[in-house]
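A.B. asks: The following block contains the structure, expressed as structure tokens.
Every number here is computed from the coordinates shown, using simple stated rules; none is lab data. All values reported here derive from a predicted model rather than from experimental measurement. Here the Cβ positions follow ideal geometry from the backbone for every residue, glycine too, while neighbour counts run over all protein chains shown.
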Amino acid sequence: MNWNRRELLRACLKSLASQTGVAFEVVVVDNGSTDGSMELVESEFRSEAGFRLIGIRNAENRGFCAANNQGIAAARGELIALLNNDAEAQPGWLAALAAAFDQFGIGMAASKIVRWEDPGRIDKAGHLIYPDGQNRGRGSGQQDRGQFDREEEALWPDGCAAMYRRAMLEQIGGFDEDFFAYADDAELGLRARIAGWRCLYVPSAVVRHHRGATLGLLSARRLELIERNRILLVAKLFPWSLVWLNGPYFTARLAAGAWAALRGRGEAGRFPGIRGKATIAAALVKANFSALPLIPRMLRKRREIERIRKLTPRQVRRLILDNRISLRELSREAI
């Protein structure tokens with residue numbers, strides 16, 4: 001999916017041109033860019049990239065979820081890889097992810113995502129989640145010392161650089177377009193886990209990521225979507241035993257975040273001064289109000305989950321708590 005990031009898109013496609021060991025096609029879905037992104041695709045990559053390229057132009061920004069669903073529908077492969085336009089895949093990325101699907105029950109594969117400006121630092125190595133629904137990349141901000149170099153099961157992959165089995169998507173459905181952007185990969189990943197599918201983290205599948213390039217790290221709209229979608233995720237997929245505890249968990253996270261902000265750390269630390277904290281508060285209020293009208297729809301979708309359910313609510317609770325991120329880690333590192 002691309003939206004007005006022409007030069008990032010160029011670097012992304014060049015990284016795909018360097019992939020070996022597996023046959024693939026590329027689908028670029030453009031969400032109404034005005035910076036010549038699709039003209040770049042046509043002029044530089046249509047005939048010389050070495051892979052089949054499909055371009056889809058949307059007249060407007062339909063969001064991450066809708067655009068990815070369009071791309072998935074247009075693709076022909078049995079395995080579907082997602083790569084954000086602000087990410088660059090190392091050679092062998094696609095082949096390493098594809099090899100993971102030789103294992104029984106794997107429906108998703110997660111990449112080792114490092115920060116573009118500091119590739120020795122982890123951005124995401126799979127995902128973790130806090131019991132109020134806020135999710136975070138595993139190992140985010142840590143120096144890469146080999147602690148994430150083991151192939152192992154992960155909660156779900158980050159949608160920035162992930163691979164999914166088409167059969168899984170056909171069974172459970174694609175991205176929930178009500179989410180628009182942010183926490184969408186968490187919703188899809190948890191829904192897949194509830195349906196009995198597993199995720200494998202593949203450390204040899206490495207991607208460098210420009211963090212926050214879509215809306216910007218200091219975007220109030222970004223904060224609003226993250227918090228709004230946290231609420232929608234809980235309403236749609238969390239077991240009721242954790243839904244009833246959402247208020248206390250949310251309060252604990254806010255308190256930990258406020259304490260981190262006083263020391264200039266975490267997400268709130270990016271917004272200094274009274275004006276910055278007011279921006280965060282306003283985003284939180286808007287997130288809650290924008291979530292309210294969507295909750296009835298999430299509850300209807302919650303009932304539909306029963307047709308694909310393999311894990312009991314108790315097992316889902318255990319899955320979430322076993323992959324819980326600590327408050328200290330959550331508040332220390334920015335999203």
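A.B. asks: Roughly how many debye, to the nearest 20, is the charge dipole of the chain about its Cα centre, given +1 on each Lys and Arg Cβ, -1 on each Asp and Glu Cβ, and no other charges? List each step's numbers first, then the result.
C.D. replies: Details: 50 positive and 38 negative charges, 273 e Å.
Computed about the Cα centre, the dipole is about 1320 debye.
A.B. asks: Given the -39500 (n - 2.57) contribution per DSSP H run of 4+ residues, what per-residue ellipticity at 222 nm results for the chain, rounded to the nearest 500 deg cm²/dmol?
C.D. replies: On the way: 13 runs with 138 residues, N = 335.
Calculated at 222 nm, the ellipticity per residue is -12500 deg cm²/dmol.
A.B. asks: To the nearest 10 degrees, how steep is helix 273-291 against the longest Cα principal axis of the chain, on a 0 to 90 scale?
C.D. replies: Value to nearest ten degrees: 80.
A.B. asks: Taking +1 at the Cβ of each Lys and Arg and -1 at the Cβ of each Asp and Glu, which of 180, 161, 75 sits farthest along the dipole of the chain towards its positive end, judged by Cα position relative to the Cα centre?
C.D. replies: Farthest towards the positive end: 180.
A.B. asks: Measuring from label point to label point, each 7 Å out along Cα→Cβ, what is the residue 240 to residue 252 span in nm?
C.D. replies: Each label point lies 7 Å from its Cα, and together they span 2.2 nm.
A.B. asks: For 6, 309, what's the fewest-to-most ordering of other Cβ within 10 Å of each Cβ?
C.D. replies: Values: 6 17, 309 14.
Lowest count first: 309, 6.
A.B. asks: So, one more: For the chain, with the dipole built from +1 on Lys and Arg beta-carbon atoms and -1 on Asp and Glu ones, taken about the Cα centre, which of 45, 295, 11 lies farthest toward the positive end?
C.D. replies: Projecting each Cα onto the dipole axis, the largest value belongs to 295.
A.B. asks: Under 13 Å from the Cβ of residue 168, count the other residues' Cβ atoms, weight Lys and Arg +1, Asp and Glu -1, and hand me the total. Could you put the intermediate results ahead of the total?
C.D. replies: Details: positive: 165, 166, 191, 193, 198, 310; negative: 78, 170.
Local net charge: +4.
A.B. asks: Follow-up question, since we're still on this one. Using the beta-carbon distance between residue 143 and residue 300 and R0 = 45 Å, what value does 1/(1 + (r/R0)^6) give for FRET efficiency, to the nearest 0.05? Could you put the intermediate results ahead of the total?
C.D. replies: Values: r = 45 Å, r/R0 = 1.00.
For residue 143 and residue 300, the calculated efficiency is 0.50.
A.B. asks: Now for a separate question. Can you count the Lys pairs in the chain whose Cα atoms are under 18 Å apart, with each pair 8 or more apart or on different chains? Write out the running numbers ahead of the final one.
C.D. replies: Details: 112/124; 236/301; 236/310; 277/286; 301/310.
So the count of such lysine pairs works out to 5.
A.B. asks: Taking the dipole about the Cα centre of the chain, with the C-beta of Lys and Arg at +1 and of Asp and Glu at -1, give me whichever of 36, 254, 226 is farthest to the positive side.
C.D. replies: Checked the options; the winner is 254.
A.B. asks: Report the dimensions of the range 116-234 along its three principal axes from the alpha-carbon atoms, largest first, rounded to Å.
C.D. replies: For the range 116-234, the Cα extents along the three principal axes come out at 36, 35, 25 Å.
A.B. asks: Express the relative contact order of the range 74-335 as a whole percentage, based on alpha carbon pairs under 8 Å and six or more residues apart in sequence. If you can, show how the numbers build up before the last one.
C.D. replies: Working: 462 pairs, mean separation 65.7, N = 262.
Across the range 74-335, relative contact order equals 25 percent.
A.B. asks: While we're looking at this one, here's another question. Can you sort 138, 328, 303 so the residue with the fewest Cβ neighbours within 10 Å comes first?
C.D. replies: Numbers: 138 22, 328 11, 303 8.
Exposure proxy ranking, most exposed first: 303, 328, 138.
A.B. asks: Enumerate the calculated ³J(HN,Hα) couplings along the range 316-328 in order (Karplus 6.51 cos²θ - 1.76 cosθ + 1.60, θ = phi - 60°), each rounded to whole Hz, writing x wherever the residue is Gly or Pro.
C.D. replies: Coupling constants for the range 316-328: 5, 4, 4, 4, 5, 6, 5, 10, 7, 8, 6, 4, 4 Hz.
A.B. asks: Just the Kirkwood number for the range 74-335, please: inverse of mean 1/r across all distinct Cα pairs, in Å, one decimal. Mind dumping the intermediate values first?
C.D. replies: Working: mean 1/r = 0.0534 Å⁻¹.
Computed over Cα pairs of the range 74-335, the Kirkwood hydrodynamic radius comes out at 18.7 Å.
A.B. asks: Right, next: Would you mind ranking 310, 14, 301 by Cβ crowding within 10 Å, fewest neighbours first? Please report the intermediate quantities before stating the final value.
C.D. replies: Numbers: 310 10, 14 14, 301 18.
Ordered from fewest to most neighbouring Cβ atoms within 10 Å, 310, 14, 301 come out as 310, 14, 301.
A.B. asks: Can you order the peptides 82-91, 245-254 by their average number of other Cβ atoms within 10 Å per residue, highest first? Provide the component values of the computation, followed by the final result.
C.D. replies: Values: 82-91: 21.9, 245-254: 14.8.
My ranking of the peptides, most packed first, is 82-91, 245-254.
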